[in-house]
Each structure stands twice: as structure tokens, then as C-alpha cells.
Amino acid sequence: MNIEPSKPAPSRFDRFMGWLLTAVVALTPLVIVYVLARPNLGQAYFLQLAVLAATACAGVGWLAGWRPAPRGLSLPAWLGLLNVLAFAGSLSASQSVLFSIKSALLPLSGLLFLGLTLTQPDRQRLLARYRIVLIGLAVFLSIYGILQHFGFELLRYGSQIEKNKVIATIGHPNYLASVLGPVLFIVLSVVFTAKGWLKKSLGLATIFLILLCILLARTRGVWLGIMMGVLVVGVVGGLYCVRRQLGWRWVGGFAGGIALMVVTISVVLFGVLPAMKAGIDIRQRLVSDKEIKSRLYYWRAAVDQAAAKPVFGNGYAMFDPMFWDYALAHQKTESGPYYYDVVPSIAGRTPGHVHNEYLEVLAEQGVAGLLALAAFLVFFLYFGYRAIMAEPERARALEQTALYGAYVTILIDALFAFPWRLPVSLIVFMVVLAWLYDAIERAETAHQHAA
Amino acid sequence: MTEEITTRKAAWPRYVLGGGALLLGLIGFVWTMVAGYVDVKLRVLPTQLTRENESQFMARYMIELERLLNLDPSNGFLRSVYVQGLARQGQYRQAVAEFNEARKTQNAQNSLFFLADMYEKMGEIDKAEATMAECLKINPTDRLFNPARLRLLNKRVLDMKAAKKAGQPVDAALYDTARREYGLATINWFIRAPHDKNSYLFYGNYNIEPLYPLQAYRSFLLGLSQNKYMNLNEQMMIQPQMVLGTIRQIIQGRFAKPYLNLP
């Protein structure tokens, strides 16, 4: 694996780029374009414009020699390029090539943002700045979401949005949960590494706020992600403590941390929410069979679409336009009547997305796209774990463990939502990947020096 | 000399990377700006044009939509709005062609209803009915689409009856098939939508000749009675005698339009 050596001191241009990228993270969630149907549309345009402008600036910087060009591509960069190639292959099957490319500008902007972050000489300072910004945003979004539950509204949203109350500036409860879920673990990383009980208490209070907001948003998908993230943090952290022979006090600390998380969630769910008369019927939300069946129908549609064009798929962003033609053809088959009751429940709208990132990549970019994506994700999953185990500094290892938990949360959330096709959750994902890459690179550099 | 070659060799990745990033950034930025401009403009456009004269407004609106389409041809939502404008202006064939283009990127559940409507307006009733039947496969309980299909089926039967009356040759088997299809569809909707007054009217029309005149009478009575005579607003009151008079006309062979308040 080709890992780059450490970067030289940042120039004035590099500092400018650093603040530009920070502004992207800070401002994207706050952009609201009223005339567009949902906030995420305006936020997507803003993210794309800002990142592409930053890319052009970086290009000028490299051409003018204001910043050194990276020497060679790292393995994740090659894997990223592999994903771009798979996307290019999918264009051959697209009903509208222009539309596919236009739709791909958002995830491309995410990858460019990741690349620009990783090529910053003062990367670690930039990542620390991202963390502060994301935590600040999470506090704001959570408080705003909680106030929205009580009917307080800052912004004049249109009627299409107002029916979903707890949305903050993100525009939909599920989208908001996809943002707050991983940031919860970013806050946890601060709790692990903070010195002094005041910072730790503030961190725990922020976690409580985020959990309360997610619960009031009445979402389901992100909960499995959070549970798995907590489990992974506990197991990986515990394994680290055992491997480093930190003692049972530390192992017990992790077990206690998981228990504290579960107790906090239970207290909020069964104590705080009823006391607030939040009106949330957990059983009804969990077994909402029509919603679950409609999701299964979207998944089935994605699998069937992928079966029609398995190698390169049907073209990026083509699942949605092709869905109702698929539904019509499917209703004429033998299995169609089984989903007869689903069709009226999803009436009047298009699905937008599969509500499962992996199946959507399979449907739109085929097996080639899914394998490329899997390779990219598994790289961070495997080497991220190795980097944690190889980290000699205990505080840093705990920090990385928490961020590893954020990564797992995102991967699980992607099973039920589409966080990589929404601007704010895409940025959070890229920040988490950047953190993981930084840890992996440090571990590899230390390993090479030791060798 | 060797140092110069080495320096040039070391510099080329910087130029490739820098040039590529600059090009990608500029193209992507401009494309996003254009797409965003089109999206926002499309939504504010109706409020920006004055509406004193409807046909002038439509003409200016369509010119603006065409300009926006030239900027962003892959915008299916924009093209759908353009298609609706073409339909309003009566350019049905062009509307269908543009509509099939729009469906490649924006395909709503009720798309086929619009297509069926266009075929009907172009006089292609068989195509309209077949498209509406497809539409109902993914909109099985829709209260607009079901009566719309029944209206098309009924129109086909009535057209054949009118042709027979005018002495034109009508294939008996085709006529029977059309009546049977209409009968099945109307009974199906009559059973599924007992609260839809139109279902009674369609069913009444089916029973009127030559089968069950009493059944037809009863269906028309149920379908036409809106309890308007119970209404306190005098201008909206319809007396029961007027309802019976209309039913008498229907039975005597002057068929009622078997639908109320449909588009």
C-alpha cells in the first residue's frame, strides 16, 4: 500500500484552502433556498458549487506551484478511481447520460472534498476544526429539532415540509437522523479524550441532546446503526485494552460505557419522552407494516432492475425514473398481486431512492459498481481496525475507536437510507473517512519506520 | 541538462493534476450554476410573468420554458412542465413526444393518465383506453382514473351504437367484446367504490339496454341523488321530481352523461 509521507508546513494558500473547506462543512447544513422543494436540494447545489470552486482553486495552486502535488496515489485513491470507472461503465446503459452525470456531481463533490482534505498539509488541524464545527452544528440542529417538536419554527418552510416536524434545517427527520447518528460518535471521541470532567459532562450532555432529537424525529433506520456503532466501540475498545494489557479497569470502563449508553436511551425512551407527552408510539413505529413493505418493494425493484443489467447496471440515478415502469411490468407477473396493497400506499410519489445504498449501487452501477464500492468500504473497515490496534497512545486509540463506531453507524444506516446521496450526511461521511485515513496513514508510517 | 530533465519530469504530475482539477472544477461549477439557475427560475417564473391575457402569458411562458430546456435538457421536471404547457395549447402530438422524453428522467405514477388523456384528445380512443388500463394496474384504487377508464370504455360502446344507428357496419363480435369489457369494469368499480356516485351512473348505463331497466333506474336514482334538496342554499337545491324526470329521459333512450364532476 502506497502511503504518502508527512506533509510540509502549510503555506498561505494552504491555510486559505483549509478555511474554505471548513466553511463548506459549517455552511452547507445552514443553506436554505426557499423556492426549492426541500432544503437538501439547495444544500446540494451549495456543496457542489463550493467544493468544485475549491477544486478549481486547488488546481490553480498546483499549477502555480503554491502547493506540492501528491507523489503517487494511495490505495484508497485507486479504489476511489475504480468507483469512478464503474460509474463511467454504468453510463452506457443510462436512459439519459447527461442526467446521470449531473446527478453524480454530488457524490463526486463528496469524493473531491475528501481528496482536498487528505491533500492538506495541516490535515490534522483541519480535521480537529471539522470536529468542532460538526459538534457545534449537532448541538444547534438537535436543539432546533427539539424546539420544532414543540411547535417552535424559525424558518418559513413550505407545506410539503411542514408535515414532518423534527427536521431542523435538514428538511426531513430521516435525513436529520443520518447526520446526527454518526456525529454522536464524533462527540463520543471528544468525551474519550477530554481532560477534566467539565468537558466530559458537556460531551455527555450533547450526546443526550442528540439522542433526544433523534427519538423525537421518530426515525427507525439509524437506530440499528447507533446500536451497532455502540457495540463496535465496546468490542474494539475492549479488545484494544486487552491487547495493550491496560487492565480490567479499562475493559470494565468500556462495558460500563455501553451500559450507560443503553441506560440513557432507555431513560429517554421510557422516561423523558412520556413525561414530555411526546405522543410517540414505539410499537406502531417499529411495526408500521405498510412502510416496511413499501421499503421491501423498493429493494425488490432494485434487485430485479439489477438482474436485467447485472454488469454495469441501468445507469446512475436511473432507479427512480425506471421504478413505475418496473412496477407496471411487475404487477402483471405472478408475484405482482402479493404487492397489490403496497402500490396504493406509495401512491402519488416516486421513491427517489432504493432506501438501501448498496442495492441502489447494484441496480444503477451493477456488480462492477457494488464490488468497487465494497472494496473502498472494506479498506477503511479493515485497515481502520488495524490502525486502532497498532496505536500506542491510549487516548488516540480511544478517539479512533469512537470514530470507527461512527463509520460503522454510517455503513449500517446505509442499509435503510441514502446518506451518501444527501449533502450534509455525505459531508459527515467524508469527514469520518478522512479521520480514518489519517489514522491508517499514521499507523503505516510508524510501521514503516519501525521496519 | 540531467537536472533540467529531472525537474521537468518531477513537474509534470503537478501540471496534470493541477490542469485536471482546474478543468473539472470549472466545468462542474458552471454546470451546477446552470442547473441551479434553471431549477430556481422554473419555480419563480409563473410569478414573474404578468397574467393580463392568458394566451399571451402562455406564449411567453412557453418561450421561457424552451430557453430553460436548452440550458438544461436533462431536467425531466422542467420538461414535464413544458409538456403540460403544450397540452394546454392543444399541441398534443408534440406533447406526447416531449412527454416520452421527460419520462426518461422524471416518471410519476400518474404519467400514464396524462398519456391516455393525450391519446383521447387526438381521437385515438383504443390507444387511450389501453394506456388507461395500464395506468390502473399501478393506480388500482384511484378515484379519478377508474371512472376515467369507464368513461373511455363507455364512449367506445356509445360510438359503436351510434354507428349502428347511422347504418354503418359494426362487427357484432367487437361490439359484444366492448360491451362485456365495459360491463365487467363498471361492475368491478361499482363493487369497490360504493361511495362513488359515478359508479352507480356507469352501472345504470350498462343495464339500460336491453337487460335490466329496473336495475338501471335504481342505479341512476342512487347516482343522481345528491341530497341537494336537503341543502339550505336555494340556488343549489334540486327537487326529487327533477331527478325522476332525468331518469325518465335516460330510460327513454336519451342517455345521461354517466359521470359527475370528472375532469
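Here is how the numbers come out for the structure above:
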{"item": "Contact order relative to length of the range B:66-183, as percent, for alpha carbon pairs under 8 angstrom and 6 or more apart", "result": "16"}
{"item": "The range B:41-187 - percent of accessible surface contributed by carbon and sulfur, probe 1.4 Å", "result": "52"}
{"item": "DSSP loop trypsin sites (Lys or Arg not before Pro) with at most 11 other Cβ within 10 Å: longest gap in chain A", "result": "A:350-451"}
{"item": "In the range A:301-360, the chymotrypsin sites (Phe, Trp or Tyr not before Pro) that fall in loop regions by DSSP, at most 13 other Cβ within 10 Å", "result": "A:Y340"}
{"item": "Separation of the A:T333 and A:A275 label points, Cα + 7 Å toward Cβ, nm", "result": "5.3"}
{"item": "Above-threshold pairs, the threshold being 29 Å between Cα atoms, out of A:K332/B:K155; A:K102/B:K137; B:K41/B:K121; A:K102/A:K293", "result": "A:K102/B:K137; B:K41/B:K121; A:K102/A:K293"}
{"item": "Dipole axis of the protein assembly as shown (+1 Lys, Arg; -1 Asp, Glu on Cβ), positive-most option in B:W12, A:C213, A:N83", "result": "A:C213"}
{"item": "Difference of contour (0.36 nm per residue) and Cα-Cα distance, B:I187 to B:E54", "result": "43.7 nm"}
{"item": "Tail fraction, Cα-Cα pairs, the range B:105-183, threshold 22 Å, whole percent", "result": "29"}
{"item": "Relative contact order computed over the range A:322-433 (Cα-Cα under 8 Å; 6+ residues apart), in percent", "result": "29"}
{"item": "Listing of the range B:97-121 residues, each with accessible area lower by at least 10 Å² in the full protein assembly than in the chain alone (probe 1.4 Å)", "result": "B:R103, B:K104, B:T105, B:N107, B:A108, B:Q109, B:L112"}
{"item": "Residues in the range A:324-360 that a label on A:L415 would reach, taking backbone N under 17 Å of a point 7 Å out along Cα→Cβ", "result": "A:354-360"}
{"item": "Filtered chymotrypsin sites (Phe, Trp or Tyr not before Pro), the range A:14-57: DSSP coil and at most 13 other beta carbons within 10 Å", "result": "A:Y34"}
{"item": "Accessible area buried at the A-B interface, both sides summed, 1.4 Å probe (Å², nearest 100)", "result": "3600"}
{"item": "Solvent-accessible area lost in complex, 50 Å² minimum, residues of the range A:306-329 relative to chain alone, 1.4 Å", "result": "A:P321, A:W324, A:L328"}
{"item": "Theoretical gain in end-to-end length, A:A88 to A:L239 [0.36 nm per residue, Cα-Cα removed]", "result": "50.2 nm"}
{"item": "Contour excess over end-to-end distance, with Cα ends at B:A166 and B:K127 and 0.36 nm allotted per residue", "result": "11.6 nm"}
{"item": "Percent RCO, i.e. relative contact order, over chain A, from Cα pairs under 8 Å lying at least 6 residues apart", "result": "24"}
{"item": "Averaged over A:48-56, number of beta-carbon atoms from partner chains that fall within 10 Å", "result": "6"}
{"item": "Globularity ratio of the range B:16-122, using Cα Rg and 2.2 N^0.38 Å", "result": "1.31"}
{"item": "Base-10 log of normalised Debye intensity for the range A:311-355 (one unit scatterer per alpha-carbon) at q = 0.13, 0.31, 0.32 Å⁻¹", "result": "-0.33, -1.17, -1.19"}
{"item": "q = 0.10, 0.11, 0.12, 0.13 Å⁻¹: log10 I(q)/I(0) that the Debye formula gives for the range A:90-210, counting C-alpha atoms only", "result": "-0.47, -0.56, -0.65, -0.74"}
{"item": "Where only C-alpha atoms are counted, convex hull volume of the protein assembly as shown per residue in Å³", "result": "220"}
{"item": "Value at 222 nm in deg cm²/dmol, rounded to 500, when DSSP H runs of n ≥ 4 in chain A each add -39,500 (n - 2.57)", "result": "-24000 deg cm²/dmol"}
{"item": "Neighbour cut-off at most 15 other Cβ (10 Å), DSSP loop, chymotrypsin sites (Phe, Trp or Tyr not before Pro), the range A:49-125", "result": "none"}
{"item": "Angstrom value of the Kirkwood radius, inverse mean 1/r, which spans all Cα pairs in the range A:294-370", "result": "12.3"}
{"item": "Cut-off 20 Å, label 7 Å out along Cα→Cβ of B:N110, residues of the range A:28-57 by amide N", "result": "A:37-38"}
{"item": "Per-residue average of Cβ from other chains inside 10 Å of A:210-216", "result": "0"}
{"item": "For the range B:30-88 and the range A:38-53, distance of Cα centres in Å", "result": "22"}
{"item": "Shielding by other protein chains, A:106-114, mean Cβ within 10 Å", "result": "1"}
{"item": "Kyte-Doolittle at least 0.5, axis length at least 24 Å by Cα - qualifying DSSP helices, chain A", "result": "A:39-64, A:97-118, A:123-149, A:173-193, A:197-216, A:221-243, A:248-267, A:357-390, A:423-450"}
{"item": "Burial order of peptide ranges B:17-28, B:158-169 (average beta-carbon count within 10 Å, highest first)", "result": "B:17-28, B:158-169"}
{"item": "Accessible-area composition of chain A, carbon plus sulfur, in percent [1.4 Å probe]", "result": "68"}
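The values are calculated or read from the model by the stated rules, or taken from the named source; none is laboratory data. Every value quoted in this text rests on a predicted model; they were computed, and no experiment measured them. When we count neighbours, we look across all protein chains shown, and the Cβ atoms used for this are built from the backbone with ideal geometry, even at glycine. Surface areas here come from the heavy atoms of the whole protein model, side chains and all, with no ligands, DNA or RNA. Shrake-Rupley method; radii C 1.70, N 1.55, O 1.52, S 1.80 Å.
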